Amino acid sequence: MTRELTGKHVLMICLAAFGVIIGVNVLMAVKAVSTFPGLEVKNSYVASQSFDRDRAAQDALHWTVTPEYDGRVLSLTIRDAQGYPARLQSLAVTIGRPTHVRDDQELNLTYQGGIFSTPLQLAPGARIIHLAAVAEDGTLFRQRIDHFTGARVR
């Protein structure tokens, strides 16, 4: 015995299907917003007022930053345009995951032989290194470095 497919049945099927889709979308949006603030700066308008000037000053330094992680020690090499170690007044480095800030760590780096380093235990995965250095002339150098630790799965 088969039942006839009526308009009410089709309506109920459509409402159930769209209800599941909308429910999953709402859940994913709530999870995304609650775990990652999405902020790089507190006030983007204020930050934009000096952006071009700050970028030009930073670009004029011609610094390159190279991170290395061997599973025990994180090392950062900062070189000037001639390839010599850059001269810094100060350096602040934070490392964390790209998806949330709860694992962010401010690093206490030591300087030896042109390399800044610190012992560090990191689980495999994607990392973001936020670097803020002040050159001898007072120029602020900021860089965000995407870094991957551990074995890649292919």
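The numbers here are math on the coordinates, done by the rules we state, and not lab data. Please read all numbers here as calculations on a predicted model, not as lab measurements. Every residue, glycine among them, receives a Cβ derived from its backbone with ideal geometry; neighbour counts consider all protein chains shown.
Net length available on complete extension from LEU109 to ALA92 is 5.3 nm, with 0.36 nm assigned per residue and the Cα-Cα distance removed.
Angle of helix 7-35 to the longest C-alpha principal axis of the chain, folded into 0 to 90 degrees and rounded to 10: 20°. Applying the criteria of a DSSP loop state and at most 12 other Cβ atoms within 10 Å to the trypsin sites (Lys or Arg not before Pro) of the range 37-146 yields LYS42, ARG72, ARG87, ARG102.
Just to verify a number: FRET efficiency for ALA123 and LEU5, C-beta to C-beta distance, R0 = 30 Å, to 0.05? The computed FRET efficiency comes out at 0.05. Counting neighbouring Cβ atoms within 10 Å and putting the fewest first, the residues ILE145, ILE22, ILE78 line up as ILE22, ILE145, ILE78. Here are a few candidate values for Cα extents along the principal axes in Å: (i) 78, 30, 30; (ii) 85, 40, 25; (iii) 38, 36, 30. Which one was actually calculated from the structure I just gave you? Derived directly from the coordinates: (ii).
Comparing mean-square fluctuations of THR94, THR77, THR110 from a GNM of the chain with C-alpha springs under 10 Å, the top value falls on THR110.
In the chain, the longest principal axis of the Cα atoms and the axis of helix 51-61 are about 50 degrees apart.
Phi angles across the range 93-101 convert, under the Karplus curve 6.51 cos²θ - 1.76 cosθ + 1.60 with θ = phi - 60°, into 3J(HN,Hα) values of 10, 10, 10, x, 8, x, 9, 7, 9 Hz, Gly and Pro given as x.
Highest mobility in the GNM of the chain, judged by mean-square fluctuation with C-alpha springs under 10 Å and restricted to SER117, SER44, SER90, is found for SER44.
The ranking of LEU61, LEU11 by Cβ neighbour count inside 10 Å, starting from the fewest, reads LEU11, LEU61.
Excluding LEU131 itself, what net charge comes from residues whose Cβ is under 11 Å from its Cβ, given Lys and Arg +1 and Asp and Glu -1? Counting the neighbours of LEU131, the net charge comes to +2.
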